[in-house]
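**Q** Shown below is the structure under consideration.
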Amino acid sequence: MTSKSEPVKLDTSRRDELPEDTIVALATPPGIGAISVIRISGQKSFESTDKIFFGKSKIINASSHTIHYGKVSGDGINFIDDVLVSVYRAPNSYTGEDSVEISTHGSPLISKKIIELLLNTDVRMAEPGEFTKRAFLNNRIDLAQAEAVADVINSRTEASLKGARNQLDGVLSNKVHEMRSSLINASSFVELGLDFAEEDIEFINSNELDKRILNIKTEIDKLLSTYSFGKVIRDGVNVALVGQPNVGKSSILNYILKESRAIVSKIPGTTRDVIREEVSIDGILFRLFDTAGIRFSEEEIEKEGILRSRQTIKDSDVVIFIYDVEQKIDTELLNEIYTLISKDKVIVALNKIDILPNTMLKADVYISALTGAGMKELFKKLKAQTFGNSVYSEKTAIVSNLRHYNCLTKANEYLNNARESISNKLSGEFISVDLRNAENSLGEIIGEVTTDDILNNIFMKFCIGK
Amino acid sequence: MREFDIIVVGGGHAGIEAACAASNMGCSVGFITMDKLAMGRMSCNPAIGGTAKGHLVREIDALGGMMGIIADRTGIQFRMLNKSKGPAVWSPRCQSDRKLYSEEAYSVVSNTKNLEIVEASVVDIIAEGKKVKGVITATGEQIQCSALVLSSGTFLNGLMHTGLNSVRGGRFGENPAIGITQSLINMGFESGRLKTGTPPRLKKNTINWNILEEQPGDEIPQPFSYQTDINNFPHLPQMSCYITYTDETVHKVLEKGFDESPMFTGRIKGVGPRYCPSIEDKIVRFADKNKHQLFLEPEGLDSDQIYLNGFSTSLPAEIQIEALHKIKGLEEVEMVRPGYAVEYDFFPPSQVDLTLETKLIEGLYFAGQINGTSGYEEAAAQGIVAGINAALKIQGKPEFVLKRSEAYIGVLIDDLVTKSTYEPYRMFTSRAEHRLLLRQDNADRRLMKYGHQFGLIDDKLIEKLSTREDIITKSVKLFENMKLHARNINPFLESKGSSGIDSAETISKLCKRPELTLKEIIGLNGTEQNPVVSSLIADEKALEQVEIELKYEGYIKRQFDMVDRLERYEATKIPLTFDFLTMKALSTEGREKLNKIKPRSIGQASRISGVTPSDISILLVYLKN
Ligand SMILES: Nc1nc2c(ncn2[C@@H]2O[C@H](COP(=O)(O)OP(=O)(O)OP(=O)(O)O)[C@@H](O)[C@H]2O)c(=O)[nH]1
Ligand SMILES: [Mg+2]
């Protein structure tokens, strides 16, 4: 009565967790921009769009990667806006599902209304990061890419985009992979020694082991040292323009911005508050702070402004101290600046050299906000200030993500412990604990070891609509 | 028609543990073996324990198993291996009297209540609607059961090779088991073929002992079992092993036989153990080593045979004897029986669950070499788990699965099920990622509670353990605060070559110095008046635990870092009904493997080869949805 072969059927009732419902969100940052994009993804994307979109043809019949002009309306009578609808059919969309992007004119009110209309159809509001999560679950991107996308979203400059892409391309991953496999290699010798402890074979001696660990540590240190640079690439450089009233701080800013945002005037003390502008020079984000001229004054508003200038100096990465050819350098003020920020972070600029080109006054750069003379030199100095001596190419592995930085720091600590165990002549199993922990820490960077935290971290960093 | 709650097939080390555990848990057990006098027979070397295997024996013992007890009663040499390393890799090992071991095993089994030994050969397994119902023996008898543990060792279609000669059999002079494999294949199981080997047996009085290096047992031998009375231990007179080596001339002789090696000529289809290789494997694989260590191990107190450990081979007998004569001390040795290789059927263990119940047939359990392991200890460890789970199932109680962070047994079974070995699996300490916590010295602290819960460990033992636990906790706490003063301790430190202290230092800190022992430190003036200290001094085992906890505190803490990190993975459960096949985001290989093995947790899933890290991330994201 032997039972015959027949594979056992397990209960295959499917957990209804597949992200099949349709979601919507504003994909561009909220606020007034030239154009807002509303993104819809899921099975009912086309159907729902057709309920509110009135164009020449139905979206549901449209082929992938086509753009359609039409009007949006809730009832087909009152039109809200003219829009362009882009159609993406599964799996060739960002999320891998059927999706639609509606581009509208910039008013937040209009986007809000359109989304409300969509929510009345079979669509729900997306959670933060849900589009990317779907892209990930549908195999459109891997975890490292998802993390890089999160970085790109938060990035503001070309270089930072490059950095993120560089990560997408795996320069950092490759480096970490390499370190991790040499670590695994070293620790497998330790394990062999333990497994065959009874036999008279030495697999690796402690000097050699220590040397290998040290090599990996050196690599990690190198990577860690790129973090401040990586951070600059991501977050930008804060630059304060400081000097006595009327030396031309605002004019310099304006020159750089090529637009008259700050008020330029002949009356000393025009700028009473700190003005902030962002500008990208060679792909690096500089955040310029135009400060109020610093001098003693009775006037309340000005005092307040000066106080703020001091704070701005403290918070900046670089200070451009400006004086002009018509007055001599205010050493008292300069010395005060040196109490707020280290000397090597201050660039002394002499302005208005168009008036007195052959001046004997001393400065790091000689410029004119009026003619633009010396400005190139100033930019060069600024860049040199930020990067110091480090050479950066797209092939360099750079750590710009705090999570990665923390993992590397941890790995480093474990390796230090392992070296200590070796020097204390402890046996292999003690060395192994730290080596394995270090392996895991490196593994977390590249997703070889994933934890919930990482996933949360990655998907929570997104805003709604990404 | 005979009927039992549980039938255990196969009287080896796995079967003994399964049968005893299940019957001690109150189930009626029919223990079927082809030859009851062969019960617990050691088919390979006459030794129990060794690196990592000794850990398993201690764990089996803490759960209330038999192996440690039998080994203690029949051991003729006890040694703690790896003493030069840290306590986590110390491993107990003993040489056993082969004959007495088997007799003792028989006596233990036959004295177990609820258990009936049935001498028979099983030829078929009965299942109805994917549920096991019983077995049919060679005489045509049907025996019924609610659960069946298969622990048939190397006997399934066993084939023994010496040179190009092969004989059907599971062990020298014993018949193979035919029929069971086919019966399982008919039910839908997938089978494979493995091989293992034994070395030649030598005649004791033909060896030139005088020129060989002696290896005696430990001066103070330690028993395996927590139940062994230390005052009446060891039971038997103790013997020594001896060491000799092969050399290049020996290797040359062996190489002559490679043409007739069943391994190299492809006659053996089974995959052999990578870690316990035959001498011919060693010569080929470690070509740059010009000698290999061999141990001459006594087979028993009054046995005239010697087991040549390290010389496992299946080369032709003439070659074996010729090579032996080139070995120091064996110049005139007589070979009682040549070494041989055994090939046998196994069932890739992805087909069982973590309880060792097969996924295909309810109530059917696999334990031991049938799951692809090698070694008595690995077999016994599975036996006790299968026996306990079979009994729990019949009693309608929750299953018993040990975590990887709890026991080598947990590591063993998880590895089997998850990685589904295709070569004989042997335990190593490196397989346990939580090695520093899974020590042979604390198996009782880790596992005895379970043995007690199942009624396999009596109240007295558990009370003793909890008293000790109390002393340990109090002592650790005390020593973290209790300070010794410079004037009292510096002379002692100086005498130990340890640097003096300035004012005062806690005992916990002092204990971390490698050159000091806790016993010496607390033996210094005054501390022993403290009641906690005096109770600690009175309990050697507690003292050892406290010393390890203090000395290696930092490491143990970092080991816990890893446990915590991994435990969260283990704690993320995957529902049994989870359908991997519909998850298109998974890699193709990952999806197939996941579907086959059906892991219970993300942790288990992450250990499956072919499942990529990104598969794991995808699962995590899914499970969080
Ligand atoms: N010739 C000449 N005039 C300049 C130059 N830069 C600025 N000026 C003039 O100097 C005057 C003061 O310029 P601002 O840019 O307002 O000076 P500021 O330092 O911002 O002054 P406060 O905001 O009042 O502290 C204006 O009349 C500018 O046109 C320059 O490079 N050459
Ligand atoms: Mg100004």
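The values are calculated or read from the model by the stated rules, or taken from the named source; none is laboratory data. What you see is a predicted model, and the numbers here were worked out from it, not measured in a lab. When we count neighbours, we look across all protein chains shown, and the Cβ atoms used for this are built from the backbone with ideal geometry, even at glycine.
**Q** Within the stretch A:72-93, is even one residue touching a helix residue (DSSP H, G or I) at 6+ places or on another chain (Cβ under 8 Å), small (Gly, Ala, Ser), crowded, with 21+ Cβ neighbours inside 10 Å and in the same structural domain as A:Asp50 (by TED's automatic domain parsing)? Can you show your working first?
**A** In the first step, residues of the stretch A:72-93 are kept if they are touching a helix residue (DSSP H, G or I) at 6+ places or on another chain (Cβ under 8 Å); the result is A:72-74, A:80-81, A:83, A:85, A:87.
Next cut, small (Gly, Ala, Ser) only: A:73-74.
Pick out the ones that are also crowded, with 21+ Cβ neighbours inside 10 Å and you get none.
Taking every residue of the stretch A:72-93 in turn, none turns out to be touching a helix residue (DSSP H, G or I) at 6+ places or on another chain (Cβ under 8 Å), small (Gly, Ala, Ser), crowded, with 21+ Cβ neighbours inside 10 Å and in the same structural domain as A:Asp50 (by TED's automatic domain parsing).
**Q** For B:Gly363, only one of the following conditions fails: (1) within 14 Å of another protein chain (Cβ to nearest Cβ); (2) modelled with pLDDT of 95 or more; (3) closer than 30 Å to B:Thr162 by Cβ. What is its number?
**A** Single failed check for B:Gly363: (3).
**Q** Kindly provide the set of residues from the stretch B:401-419 that are assigned to a loop (DSSP other than H, G, I, E, B) and crowded, with 21+ Cβ neighbours inside 10 Å, ordered by number.
**A** Residues satisfying the conditions are B:Leu402, B:Arg404, B:Ser405, B:Ala407.
**Q** Do you know which residues across the stretch B:557-587 are in a helix (DSSP H, G or I) and at the interface with chain A (Cβ under 9 Å from one of its Cβ atoms)? Working first, answer last.
**A** Initial filter on the stretch B:557-587 (in a helix (DSSP H, G or I)): B:557-571, B:580-582.
B:Arg558, B:Gln559, B:Asp561, B:Met562, B:Arg565, B:Leu566, B:Arg568, B:Tyr569, B:Leu581, B:Thr582, listed by residue number.
**Q** Quick one: would you say A:Val239 is away from ligand 2 (no atom under 11 Å from the Cβ), more than 14 Å from chain B (Cβ to nearest Cβ), at pLDDT 75 or above and closer than 18 Å to A:Ala369 by Cβ? Please lay out each step first, then the result.
**A** Numbers: away from ligand 2 (no atom under 11 Å from the Cβ): yes; more than 14 Å from chain B (Cβ to nearest Cβ): yes; at pLDDT 75 or above: yes; closer than 18 Å to A:Ala369 by Cβ: yes.
Criteria met by A:Val239.
**Q** Restricting the search to the stretch B:500-514, which residues are at pLDDT 90 or above and under 43 Å from the mean Cα position of the chain (by Cα)?
**A** B:Glu505, B:Thr506, B:Ile507, B:Ser508, B:Lys509, B:Leu510, B:Cys511, B:Lys512, B:Arg513 - these are the residues of the stretch B:500-514 that are at pLDDT 90 or above and under 43 Å from the mean Cα position of the chain (by Cα).
Quick grid of which residues meet (1) in a helix (DSSP H, G or I); (2) under 19 Å from B:Tyr307 (Cβ atoms):
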position: B:Leu184; (1), (2): yes, no
position: B:Pro234; (1), (2): no, no
position: B:Ile243; (1), (2): no, yes
position: B:Thr249; (1), (2): yes, no
position: B:Val253; (1), (2): yes, no
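**Q** Right, next: Could you list, in sequence order, all residues of the stretch B:516-539 that are assigned to a loop (DSSP other than H, G, I, E, B) and at pLDDT below 90?
**A** B:Gly523, B:Leu524, B:Asn525, B:Gly526, B:Asn530 - these are the residues of the stretch B:516-539 that are assigned to a loop (DSSP other than H, G, I, E, B) and at pLDDT below 90.
**Q** Could you list, in sequence order, all residues of the stretch A:337-389 that are away from ligand 1 (no atom under 16 Å from the Cβ) and without any contact (Cβ under 8 Å) to a residue 12 or more places away in the chain?
**A** Result: A:Tyr338, A:Thr339, A:Ser342, A:Lys343, A:Asp344, A:Met360, A:Lys380, A:Ala384, A:Gly388, A:Asn389.
**Q** If you go through the stretch B:87-95 one residue at a time, do you hit one that is surrounded by fewer than 24 Cβ atoms within 10 Å (Cβ to Cβ), within 14 Å of chain A (Cβ to nearest Cβ), in contact with a helix residue (DSSP H, G or I) (Cβ under 8 Å, 6 or more places away or on another chain) and in contact (Cβ under 8 Å) with a residue 60 or more places away in the chain?
**A** Within the stretch B:87-95 (the criterion being surrounded by fewer than 24 Cβ atoms within 10 Å (Cβ to Cβ), within 14 Å of chain A (Cβ to nearest Cβ), in contact with a helix residue (DSSP H, G or I) (Cβ under 8 Å, 6 or more places away or on another chain) and in contact (Cβ under 8 Å) with a residue 60 or more places away in the chain), the answer is yes, since at least one residue qualifies.
**Q** Quick check: anything in the stretch B:62-80 surrounded by fewer than 24 Cβ atoms within 10 Å (Cβ to Cβ) and within 14 Å of chain A (Cβ to nearest Cβ)?
**A** yes
**Q** Still on this structure: Filter the stretch B:590-611 down to residues that are touching a Gly at 6+ places or on another chain (Cβ under 9 Å) and facing chain A (nearest Cβ under 9 Å), then give me how many there are.
**A** Adding up the residues that qualify gives 0.
**Q** Can you report the number of residues in the stretch A:252-294 which are in a loop (DSSP other than H, G, I, E, B), at pLDDT 70 or above and within 11 Å of ligand 2 (Cβ to nearest atom)?
**A** Matching residues across the stretch A:252-294 total 4.
**Q** Return the residues of the stretch A:414-434 that are within 11 Å of another protein chain (Cβ to nearest Cβ) and assigned to a helix (DSSP H, G or I); say none if nothing qualifies. Walk me through it before giving the result.
**A** Taking the stretch A:414-434 first, the residues within 11 Å of another protein chain (Cβ to nearest Cβ) are A:414, A:417-418, A:420-421, A:424-434.
Answer for the stretch A:414-434, where residues must be within 11 Å of another protein chain (Cβ to nearest Cβ) and assigned to a helix (DSSP H, G or I): A:Tyr414, A:Asn417, A:Ala418, A:Glu420, A:Ser421, A:Gly428, A:Glu429, A:Phe430, A:Ile431, A:Ser432, A:Val433, A:Asp434.
**Q** For the stretch B:550-563, which positions are over 19 Å from B:Lys477 (Cα atoms) and over 26 Å from the mean Cα position of the chain (by Cα)?
**A** Result: B:Arg558, B:Asp561.
**Q** Anything in the stretch A:119-132 that is touching a helix residue (DSSP H, G or I) at 6+ places or on another chain (Cβ under 6 Å) and either under 18 Å from A:His404 (Cβ atoms) or at pLDDT below 80 (or both)? List them, or say none.
**A** First, the residues of the stretch A:119-132 that are touching a helix residue (DSSP H, G or I) at 6+ places or on another chain (Cβ under 6 Å): A:121-123, A:129, A:132.
Correct list: A:Gly129 only.
**Q** Could I ask something else about it? What strands (runs of 3 or more DSSP E) completely inside the stretch B:324-400 contain at least 1 residues that are within 22 Å of the chain's Cα centre (by Cα) and buried (at least 24 other Cβ atoms within 10 Å of the Cβ)?
**A** B:340-346, B:364-366
**Q** If you don't mind, another one. Applying the selection to the stretch B:425-468, what residues are of a type in the set (Val, Ile, Thr) and more than 14 Å from chain A (Cβ to nearest Cβ)?
**A** B:Ile457, B:Ile462, B:Thr467
**Q** Looking at B:Ala443, is it at negative phi, in a helix (DSSP H, G or I) and more than 17 Å from the chain's Cα centre (by Cα)?
**A** Judged against the criteria, B:Ala443 is not a match.
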